[in-house]
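Q: Sending over a structure as structure tokens; questions will come in a sec.
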Amino acid sequence: MAERIFNLPRTYLFTCLLALGMAVGCKAQTAPLAADLTLNRHIEVMVRAQFNVPQDYVVTVGARKPSQVPGYDKLPVTLARGGNSQVVEFLISTDGKTLGRLETFSLDKDPVFSINVAGRPVRGNPNAKVTVINFDDLECPYCARMHQTLFPATIEHYKDTVRFVYKDAPLYQMHPWATRAAVDANCLGALNNDSYWTYVDYIHSHGQEINGEKRDMNESFATLDRIARQQATLAKLDAAKLDACIAKQDESEIHASSQEAASLHVDGAPALFIEGERVEGAIPEAALWLAIDRALRAAGIEPPPMPVAVPVAVSAAPSAPAAGK
């Protein structure tokens, strides 16, 4: 376990704590010490202000307990409403002048290190020690930009030292054909690894073709299906199996992937996890490569050298003619 003391966070942390409290249920409250009433009032005011606690919540400051942090005691603060309560552990300095929180992080159960990639198509060396997982939306323009950064430049730079896996995280409300594209891509992937990637490459670079002039969803769906069937023909795949998969439009795998993304607090795409390290958005190639280099070094692999930028020659400006010439 790793521990750290930090200053009180803002509103969003209270929301998370409150949600947890309602799920956990009721817990016994500890009455405050009479001698600490003034200090407890100051603590309550600060907690209400910092966490934006609604007025109908009761905030009760408990008794101090010994902590493992030098100079600090544990201080339980109970947030209660309507029969439900949650005890939040704070730290308070022994002189009563500083309030903080102790947050612990599980190093063996962090979900970023156990993202499910079983059965997913792999690009690059399947046995590579470093995996780049990308939660992707096939209709997202920023995802298309990230895809272009990954392929071909990044995969060519790292060659067989890195493998790439895509997970589905379509933004349903913003991108109406993204789910259909993901289903069709997975139908191809179930038949052939390389055909999945060829399809994803094409979709990410031909968004306007799929949108169509009329932006009719039925036409977009038909275009996605046609592209998938063309890819199957070129790769000599089982057309009957592909047609059956496309017709079924089973979205269960897509929803499971989206739920996993939500559990990782992914709220947009693209979102990459490089051996657990989160990289969000279409970041520049150089920044992405720094994160991959860190993962490679942690795996005992020396990253390939960064390409040397070629200096651009700048022509000197012509001298101004001398006066009178």
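Q: Looking at segment 203-288, which GluC sites (Glu not before Pro) are in a loop (DSSP not H, G, I, E or B) and have at most 15 other Cβ atoms within 10 Å? Write out the running numbers ahead of the final one.
A: On the way: sites: Glu209, Glu213, Glu219, Glu251, Glu253, Glu260, Glu275, Glu277, Glu280, Glu285; in loops: Glu213, Glu251, Glu275.
Filter output for segment 203-288: Glu213.
Q: Another question, then. Suppose the chain between Asp267 and Lys65 were pulled fully straight at 0.36 nm per residue; how much longer would it get relative to their current alpha carbon spacing?
A: Extra length from Asp267 to Lys65 when fully extended: 68.9 nm.
Q: With each label point set 7 Å from Cα along the Cα-Cβ vector, what nm distance links Glu277 and Met174?
A: Placing both labels 7 Å beyond Cα along the Cβ direction yields 2.5 nm.
Q: Sticking with this one: Would you mind computing, in nm to one decimal, how far apart the modelled labels at Ser205 and Ala153 are, each placed 7 Å from Cα along Cα→Cβ?
A: So the label points at Ser205 and Ala153 sit 1.5 nm apart.
Q: Here's a follow-up. Can you bin every Cα-Cα distance in segment 202-295 into 5 Å intervals starting at zero and give me the percent of pairs per bin, rounded to whole numbers?
A: 2, 10, 14, 14, 16, 17, 15, 10, 2, 0
Q: A follow-up question, please. Over segment 249-304, what lengths in whole Å, largest first, do the semi-axes of the equivalent ellipsoid take, defined as the square roots of 5 times the eigenvalues of the alpha-carbon gyration tensor? Intermediate results must be reported in sequence, preceding the final value.
A: Details: eigenvalues 150, 34, 19 Å².
Working from the Cα gyration tensor, I get semi-axes of 27, 13, 10 Å.
Q: How big is D, in µm² s⁻¹, for segment 150-269 by Stokes-Einstein at 4 °C and 1.567 mPa s if Rh is the Kirkwood radius over C-alpha pairs?
A: Numbers: Rh = 15.3 Å.
D, rounded to a whole number, is 85 µm²/s.
Each value in this text was obtained by applying a stated rule to the coordinates, not by laboratory testing. These numbers were taken from a predicted model, which means no experiment stands behind them. With ideal geometry, Cβ positions are generated from the backbone for all residues, glycine too; neighbour counts draw on all protein chains shown.
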